[in-house]
Amino acid sequence: MEEDIKKIFPNFSKELIKEIVANAIQQSSNSGDVLMRTGQYINHTILLIKGQIKIYREGENGGEFFMYYIQPGEACAVSMICATKSQTSQIMAKVVEDAELIMVPLALMDKWMMEHRSWYEFVIFTYRTRFEEVLEVVDNIAFRAMDERLEFYLKRHAEACGCKDLKLSHQEIATELNTSREVISRLLKKMEQRGLVSLHRNHIALL
């Protein structure tokens, strides 16, 4: 665990890393595993070593509202906030690529914030980054038409995976953008005609 932390979280101090190794738990999770559910009390915050985690809201009708991804070297800001307020989760967290996680007990959050400058700076940076990402999503919904929202959505997925070949179904996109599959299929077809994407049976290629 120690070598993984040093490599993925290079700004953590030696003292902080020793505390993490002594108190945290490293675990593996498979694609599709749900790590956090709406209404669940949270005991740990997640540091991601490997893989990818999707953070989203789930509606009463089962629809999903995509918020952001957690990448290696990042943490779950929502769990940190729940720790400070002793609140239940208002979001869902699902593994989308097989992941290696470090589960940090939330009881140590306040202690480390006071004792370890590198942890304090990491937490503040995490809060700020996630707030900016969520604000960008809100702006996208409030001020853009569905075709612009779709382009924004595909761009974020491409940036998250570092690739231009996106393994996304039309129904999955429609669910996360809270619209119908027919609308997404029509807009994707228009994007293909404009030379922005190439549509295939099981994936979408950005051009």
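Per-structure values
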{"read-out": "Of the DSSP H helices in the chain, those whose Cα atoms cover at least 24 Å axially and whose Kyte score averages -0.5 or more", "value": "117-143"}
{"read-out": "Exceeding the 20 Å Cα-Cα cut-off - candidates Lys155/Lys189; Lys6/Lys50; Lys94/Lys189; Lys7/Lys155; Lys18/Lys111; Lys54/Lys164", "value": "Lys94/Lys189; Lys7/Lys155"}
{"read-out": "Computed Kirkwood radius, in angstrom, where 1/r is averaged over Cα pairs of segment 13-136", "value": "14.8 Å"}
{"read-out": "Cα gyration tensor shape of segment 27-77, rounded if a/c is under 1.5, else prolate or oblate by comparing a/b with b/c", "value": "prolate"}
{"read-out": "Carbon + sulfur, % of accessible area of segment 6-62 - ligands and nucleic acids excluded, 1.4 Å", "value": "43 percent"}
{"read-out": "Structure-derived semi-axes √(5λ) of the Cα gyration tensor in Å - corresponding label in [x] 41, 22, 17; [y] 34, 18, 15; [z] 30, 22, 16", "value": "[y]"}
{"read-out": "Among Gln26, Thr129, Gly195 - extreme Cα towards positive end, dipole of the chain, charges at beta-carbon", "value": "Gly195"}
{"read-out": "Cleavage-rule hits, trypsin sites (Lys or Arg not before Pro), segment 99-207, DSSP coil, Cβ neighbours within 10 Å at most 14", "value": "Arg144, Lys164, Lys167, Arg194, Arg201"}
{"read-out": "In Å, descending, principal axis extents of the Cα set of segment 101-162", "value": "48, 24, 17"}
{"read-out": "Solvent-accessible area, 1.4 Å probe, carbon plus sulfur percent, for segment 71-207", "value": "53 percent"}
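The values are calculated or read from the model by the stated rules, or taken from the named source; none is laboratory data. These numbers come from a predicted model, not from an experiment. Backbone-built Cβ (ideal geometry, glycine too); neighbour counts: all protein chains shown. Note: accessible area is taken over every heavy atom of the protein model, side chains too, but ligands, DNA and RNA are not part of it. Shrake-Rupley method; radii C 1.70, N 1.55, O 1.52, S 1.80 Å.
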